[in-house]
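Chemist: One structure is given below, represented as structure tokens, and several questions about it will come after.
The values are calculated or read from the model by the stated rules, or taken from the named source; none is laboratory data. Treat the numbers as computed from the prediction; the structure is a model and nothing was measured. Don't worry about glycine lacking a Cβ; one is built from the backbone with ideal geometry, like all the others, and counts go over all protein chains shown.
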Amino acid sequence: MLNNNFLNSFQLDILKEIGNIGAGNAATALSGLLNKKIEMNVPSVQVVSFEEMMELVGGADMVVAAVFLQIDGDLTGNMFFLLPIKQATIFIQQLTGMSDFSFDEPSVPELALSAFQEMGNILAGSYLSALSDFLQMHIVPSVPAVGIDMFGAIISYGLIEISQVSDFAIVIDTEIKDPDTMNESDLYKGHFFLLPDPDSFVKLFTKLGVDME
Amino acid sequence: MIQESIVIKVGIADMKIVTAPNTIRTSGLGSCVGVVLYDLQKKIAGLAHIMLPDSSLARGETIHKAKYADTAVECLIQLLEKEGVNKKQLKAKIAGGAEMFKFMTKTDIMRIGPRNVDAVKQELKKFSIPLVAEDVGGSSGRTIEFSPESGKLMVRTVNQPSKEI
């Protein structure tokens, strides 16, 4: 049921709006946490092969700081909040006031890691609670897991469930930027990835009264 | 004549063949396992980047062979045999199968790394292919590159010096 032309343009727009509502709320939360302006791009909804998925942030090798949650309830799937390590270091330095560490060094202080985990938890929580309100669906996020590692190794966890039914994933991707870094490179762009399980699209569109034909 | 070697890249749920002096690489192995089958005499190797242990998990209509341990190993052997390799000459090296997010153990999905490793080993045993070296488990992602010339597998992880197995 999942293939490249699975979604019509109306359905794509709905998924974009879902990304917009969720990530908009999360970006506001981030802005409040750091007491600074955060920019957000229009969400993109893509039907991608797993290989294309790996290229979304700059390659499977790229090292990212990630918070990963599994979603349960009326809607199931996976959610990731990803920051390139340079940007993660900047945010967590600002948040904690510690300036003598970097996520690209082997020993990251426990406090920095747990600050990042809490940041991810708050942001993913605001993303999902906005969705839950909008969709009037019960959404239960798992305890967040943190990883600082290669993008490919991390994101593949979001593909395991999907890979049992399909060779494509539908990803709702919203980019956030820190206007202070003023850098257009992938090394500074954060991402919210929402990867609903294949069954969830049917539930979601049914709930919103969208024709599945 | 100077031959320049190129690096053949294998994506997730994909498999390819390489001959010396070229090398073959796959990036960002997490719970996935990279399986290298090689023949040092003929200086040829195949690499598969598998995601799941067992094709019976598949709920789709078609089975994508490189995705599952049980179908990928067999398919890789067939590809190499087409290139004139004798199955009896094949040896194997594997890497990957990490548990990236250890404390989330509530579902089977979180144990997928070790299950992938077990499944690959079982397949190698089934085809009597000796497993010469492995770098599996742990909690780090890996990028691997194999040289069919030397038979060495380079394993790179974040924040650690790369090693050869």
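Chemist: Give all pairs with beta carbons closer than 6 Å in which a residue from the stretch A:167-184 that is at pLDDT below 80 meets a residue that is surrounded by fewer than 23 Cβ atoms within 10 Å (Cβ to Cβ) and among the basic types (Lys, Arg); count only pairs at least 6 apart in sequence or on separate chains.
Modeler: Sorted first by the residue in the stretch A:167-184, then by its partner, the pairs are A:Pro179/A:Lys37.
Chemist: Separate question: Taking the stretch B:93-140 on its own, how many of its residues are of a type in the set (Phe, Trp, Tyr), in contact with a Phe, Trp or Tyr (Cβ under 9 Å, 6 or more places away or on another chain) and modelled with pLDDT of 90 or more? Walk me through how you get there before you give the answer.
Modeler: Residues of the stretch B:93-140 of a type in the set (Phe, Trp, Tyr): B:101, B:103, B:127.
Subset that is in contact with a Phe, Trp or Tyr (Cβ under 9 Å, 6 or more places away or on another chain): B:101.
This time we only want the ones that are modelled with pLDDT of 90 or more, so: none.
Number of matching residues: 0.
Chemist: Just to be sure I understand, how many residues within the stretch A:30-55 are away from every other protein chain (no Cβ under 11 Å), within 24 Å of B:Gly30 (Cβ to Cβ) and either crowded, with 20+ Cβ neighbours inside 10 Å or touching a Phe, Trp or Tyr at 6+ places or on another chain (Cβ under 6 Å) (or both)?
Modeler: Selection size over the stretch A:30-55: 1.
Chemist: If I go through the stretch B:26-64 residue by residue, how many of them are in contact with a helix residue (DSSP H, G or I) (Cβ under 6 Å, 6 or more places away or on another chain), crowded, with 18+ Cβ neighbours inside 10 Å and without any contact (Cβ under 8 Å) to a residue 40 or more places away in the chain?
Modeler: Summing the residues that are in contact with a helix residue (DSSP H, G or I) (Cβ under 6 Å, 6 or more places away or on another chain), crowded, with 18+ Cβ neighbours inside 10 Å and without any contact (Cβ under 8 Å) to a residue 40 or more places away in the chain in the stretch B:26-64 gives 2.
Chemist: Now a separate question. Say whether the condition of being in contact with a Pro (Cβ under 8 Å, 6 or more places away or on another chain) and touching a residue at least 60 places away in the same chain (Cβ under 8 Å) is met by at least one residue in the stretch A:1-10.
Modeler: So far as the stretch A:1-10 goes, yes, one or more of its residues are in contact with a Pro (Cβ under 8 Å, 6 or more places away or on another chain) and touching a residue at least 60 places away in the same chain (Cβ under 8 Å).
Chemist: Related question: Got at least one residue in the stretch A:90-107 being surrounded by 22 or more Cβ atoms within 10 Å (Cβ to Cβ) and touching a Gly at 6+ places or on another chain (Cβ under 8 Å)?
Modeler: Checking the stretch A:90-107: not a single residue is surrounded by 22 or more Cβ atoms within 10 Å (Cβ to Cβ) and touching a Gly at 6+ places or on another chain (Cβ under 8 Å).
Chemist: Among A:Glu118, A:Glu105, A:Glu175, A:Glu110, which is the only one that is charged (D, E, K, R) and within 11 Å of chain B (Cβ to nearest Cβ)?
Modeler: The match here is A:Glu105.
Chemist: If you don't mind, another one. Against the condition within 19 Å of the chain's Cα centre (by Cα) and over 30 Å from A:Asp199 (Cβ atoms), how does A:Ser31 come out, does it pass?
Modeler: yes
Chemist: To continue, here is another question. Going by the structure shown, is B:Leu52 over 13 Å from B:Glu145 (Cβ atoms) and within 11 Å of another protein chain (Cβ to nearest Cβ)?
Modeler: yes
Chemist: What residue, of A:Val146, A:Val140, is touching a residue at least 60 places away in the same chain (Cβ under 8 Å), hydrophobic (A, V, I, L, M, F, W, C) and within 30 Å of A:Phe205 (Cα to Cα)?
Modeler: Going through A:Val146, A:Val140 in turn, the sole match is A:Val140.
Chemist: Something else: Which of the residues spanning the stretch A:11-50 are without any contact (Cβ under 8 Å) to a residue 60 or more places away in the chain and part of a helix (DSSP H, G or I)?
Modeler: Residues satisfying the conditions are A:Leu12, A:Asp13, A:Glu17, A:Ser31, A:Gly32.
Chemist: Hey, another quick one. Given (1) surrounded by fewer than 24 Cβ atoms within 10 Å (Cβ to Cβ); (2) away from chain B (no Cβ under 14 Å), identify the lone condition not met by A:Val165.
Modeler: Result: A:Val165 passes all but (2).
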